Amino acid sequence: MEAKDKFTLGLELPSDPRWVDIAEKNIGDILIDHAYCEQKAASSCISLIVAYPEKQELVDMLTPVVAEEWSHFERVIEELRKRNIPLGRQRKDEYVERLQQVTRKGGSREQQLLEKLLMNALIEARSCERFKMLWKNIPDQELSKFYYELMVSEAGHYKNFLQLAKKYLPEEQVNQRWRELLAEEAEIMRSLDVRSDRFH
């Protein structure tokens, strides 16, 4: 089976195909935004470990993810340095901000855990899809290989978050909420402009 067939992420709406052409022409801006995405992914896993230290499987599964996400951050920094591009300041992530607006607030610790795990799964799924687009379409062979490797990694992280959600909450509840968030995410993607300086 080809690699492109292995990553069925369940996203309801594919990214606008114009994004990869715009990204390729503005790869410096995309790499800067990508670096911060990796940093935030590591921070998000740390926050989950700190908030739920009693959940041993969560701690065991996410601890290596923290290290992996941070290594991705370091690798993106290397790609920037090869191109003599400074990191620059973090930009507003409208995609993540809009996702946070549709997550449920309040409720029990378990309900909040579900929201956080599914939010992380959704961001990883969309990132994986974007990595796949870059791998398949950009002419820079070194970057193409880089994004293939990250695509494989992010697909694993996406599955980790869904697996943890089903470990700690009823599968039917997880699946229902996941479907709701997928629909919300599709609407967000329809409404966002295709940006030249954003990874999402």
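Brief remarks on what is shown
Conditions (1) under 23 Å from L134 (Cβ atoms); (2) in a loop (DSSP other than H, G, I, E, B); (3) touching a Phe, Trp or Tyr at 6+ places or on another chain (Cβ under 6 Å), marked per residue:
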position: I22; (1), (2), (3): yes, no, no
position: C37; (1), (2), (3): yes, no, yes
position: K40; (1), (2), (3): yes, no, no
position: L87; (1), (2), (3): yes, yes, no
position: Q90; (1), (2), (3): yes, yes, yes
position: R98; (1), (2), (3): yes, no, no
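- Criterion violated by V59 - all others in (1) more than 20 Å from R109 (Cβ to Cβ); (2) in contact with a Pro (Cβ under 8 Å, 6 or more places away or on another chain) satisfied: (1)
- Tally of residues being small (G, A, S), more than 18 Å from A186 (Cα to Cα) and under 14 Å from the mean Cα position of the chain (by Cα) across the stretch 108-161: 3
- Residue list for the stretch 132-166, filter: in contact (Cβ under 8 Å) with a residue 24 or more places away in the chain and among the acidic types (D, E): D140, E154
- Which listed residue is within 23 Å of M189 (Cβ to Cβ), touching a Lys or Arg at 6+ places or on another chain (Cβ under 7 Å) and either free of Cβ contacts under 8 Å to residues at least 60 places away in the same chain or of a type outside the set (S, T, N, Q) (or both), from L48, L13: L13
To keep it simple, each residue is scored yes or no on (1) farther than 21 Å from D60 by Cα; (2) β-branched (V, I, T); (3) at pLDDT below 90.
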| residue | (1), (2), (3) |
| --- | --- |
| P86 | yes, no, no |
| V96 | yes, yes, no |
| Q100 | yes, no, no |
| S108 | yes, no, no |
| L114 | no, no, no |
| R130 | yes, no, no |
| L162 | no, no, no |
| K167 | no, no, no |
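- Residues that are free of Cβ contacts under 8 Å to residues at least 24 places away in the same chain and either over 23 Å from the mean Cα position of the chain (by Cα) or over 14 Å from L150 (Cα atoms) (or both), drawn from the stretch 68-87: E78, R81, K82, N84, P86
- A single member of K55, K92, K25, K82 is of a type outside the set (S, T, Y) and crowded, with 17+ Cβ neighbours inside 10 Å, and it is K55.
- Check on L164, buried (at least 20 other Cβ atoms within 10 Å of the Cβ) and under 22 Å from G10 (Cβ atoms): yes
- Of the residues making up the stretch 174-200, those that are assigned to a helix (DSSP H, G or I) and either touching a helix residue (DSSP H, G or I) at 6+ places or on another chain (Cβ under 7 Å) or aliphatic (A, V, I, L, M) (or both) are V174, R177, W178, L181, L182, A183, E184, E185, A186, I188, M189.
- The requirement of being within 24 Å of A155 (Cβ to Cβ) and touching a residue at least 12 places away in the same chain (Cβ under 8 Å) is satisfied by L62.
- Any chance E124 is surrounded by fewer than 16 Cβ atoms within 10 Å (Cβ to Cβ), part of a helix (DSSP H, G or I) and out of contact with any Pro (no Cβ under 6 Å at 6 or more places or on another chain): no
The values are calculated or read from the model by the stated rules, or taken from the named source; none is laboratory data. Keep in mind the model is a prediction, meaning the values are calculated, not measured. Cβ sites come from the backbone with ideal geometry, for glycine too, and all protein chains shown count toward neighbours.
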